[in-house]
Each structure stands twice: as C-alpha cells, then as structure tokens.
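The values are calculated or read from the model by the stated rules, or taken from the named source; none is laboratory data. Just so you know, these numbers come straight off a predicted model, no measurement behind them. Please note: Cβ atoms are built from the backbone with ideal geometry, for glycine as well, and neighbour counts cover all protein chains shown. Remember, those area values only see protein heavy atoms, side chains included, never the ligands or the DNA or RNA. Shrake-Rupley method; radii C 1.70, N 1.55, O 1.52, S 1.80 Å.
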Amino acid sequence: QEGNIGPSTQPSTLDIVAPPQEVELMPLGATWDVTTDPAQAPNGWQQPGFSPAGWAQGPAELGFGDGDEATVIHTGNSAPFPMAAYFRTTLNIPDPSQFDAIRLELVRDDGAAISINGTEVVRDNLPAGPLTPTTPASEGLWGSAERTPQNFELPTQAFQPGNNTIAVELHNWNAWSGDLSMSLRVVGIE
C-alpha cells in the first residue's frame, strides 16, 4: 500500500521561546555613600539601619588612581594607599518576585564583598573568613580584568519588596597599589 504524499491534514506547531527580558534596576552610575576610613564603617555598617553620616557621596564609578572615576575617593599620590573602601546605597524594588532572578554586574579593582540588607551574597577575589581594613585582595587586577563586569545571578529572595540596602566592601591588593575602583549595575531578569 502506497503512502499519501499530499499535504498533511494535521497542523504543525512550533514552540518559540522568547529570550529573557532584562530590566535595569540600578545603572552603573548610581549614587553611593562612601568612606575609606575604617573607623566610619564599624561592625554593622552593612545593615539597613546604619547611618553613613560623615561619609562622602557621589556617582559611580568611585575610586582613585585610574583617571576615569566619576567620584574620586582618595587624592594622595604616594603609598601607602587605602587598603579598603566601603560603599552603601539604597535600591527600591517594589516586587522582586516579578523577576526570575536578579543579576549584579560588578566592576571591581581589586576584591569585593557585596551584602544585601546586611547579608553577604557575593565575595569575589577575597579570601574566606572575616574581613578587616587590612585584608588584601586575593590577587591584583590589571587591564581589562579591572574594567570587565563580573556577573552574579541572585535569587529574588535575596531582596525584599521596597527599599534594599546594598553595601560593597572593596579591598586593594596591597597598600602600594595606586588604584581602586567600584561600580555596580543591577538587572532584573524576567
């Protein structure tokens, strides 16, 4: 028996999967409170209730030594340079659960720890354990490594509806490293 070679009577289906949509929640040039004075960043400085009174404020990129900073946080030209810097900002996300994930795009030179509402969620190029004002980054970064964003995808449960405190602790490789920089972009992935 010969088969039917004519047109199919069954409709064909094709599943089209749309790429994830991205919503910028915080741009790279967001405004931060910042200090390089460890005395101004006592225990609990990452918590939402902490007041950064006396800290400087400015848009990212924040840092010193590269010449491309929007906010210069140290003006000395000779070592020793600050080993650590502390950054805080508030990000309002009315409904984090509307996203499948939230991505942090961090530009750092050299190592960074990021906390959301007082809980550390990212540690990059830093040793494990407690961080002190003299803890060095695990390695020094140069060239594109200090300018290329590092992406970290977080579950939406890391954020609460409404205001979220984002704190970044940045560490230099050593006190003779004449540059340090940070900026952070936050993206919701639908």
Point to revise | In sequence order, calculated HN-Hα J values of segment 153-163 (Karplus, 6.51, -1.76, 1.60; Hz; x Gly/Pro) | key: 8, 10, x, 5, 5, 5, 10, 10, x, x, 6
Practice item. With semi-axes √(5λ) of the Cα gyration tensor in Å defined as stated, name the option among (1) 27, 19, 15; (2) 43, 20, 14; (3) 22, 20, 16 computed from the structure displayed. Key: (2)
Check your understanding: Which distance in nm do the two modelled labels at T90 and I16 give, with both placed 7 Å along the Cα-to-Cβ direction?
Key -> 4.3 nm
Review point. What is the Cα centroid distance between segment 25-91 and segment 92-166, reported in whole angstrom?
Key: 14 Å
Exercise for review: Kindly give the semi-axes, whole Å and largest first, of the ellipsoid equivalent to segment 54-141, taking each as the square root of 5 times a Cα gyration tensor eigenvalue.
Suggested key: 26, 18, 12
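Where does each of R185, R123, R88 land when they are ordered by accessible area, with a 1.4 Å probe and the largest first? If you can, show how the numbers build up before the last one.
On the way: R185 55, R123 80, R88 15 Å².
My answer, sorted largest first, is R123, R185, R88.
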Exercise for review: Give, as ranges by residue number, the residues of segment 149-190 whose backbone N falls under 16 Å from the point 7 Å along Cα→Cβ of A56.
Suggested key: 170-172, 178-183
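How long is the gain from R147 to N117 if the chain were fully straight, where each residue apart is worth 0.36 nm and the alpha carbon distance is subtracted? Kindly include the intermediate steps, with their values, before the conclusion.
Details: separation 30, 0.36 × 30 = 10.80 nm, distance 2.62 nm.
My answer for the length gained is 8.2 nm.
What is the packing order of peptides 103-116, 49-62, taking the mean over residues of other C-beta atoms within 10 Å and listing the highest first? Write out the running numbers ahead of the final one.
Working: 103-116: 22.2, 49-62: 15.7.
The most tightly packed comes first, giving 103-116, 49-62.
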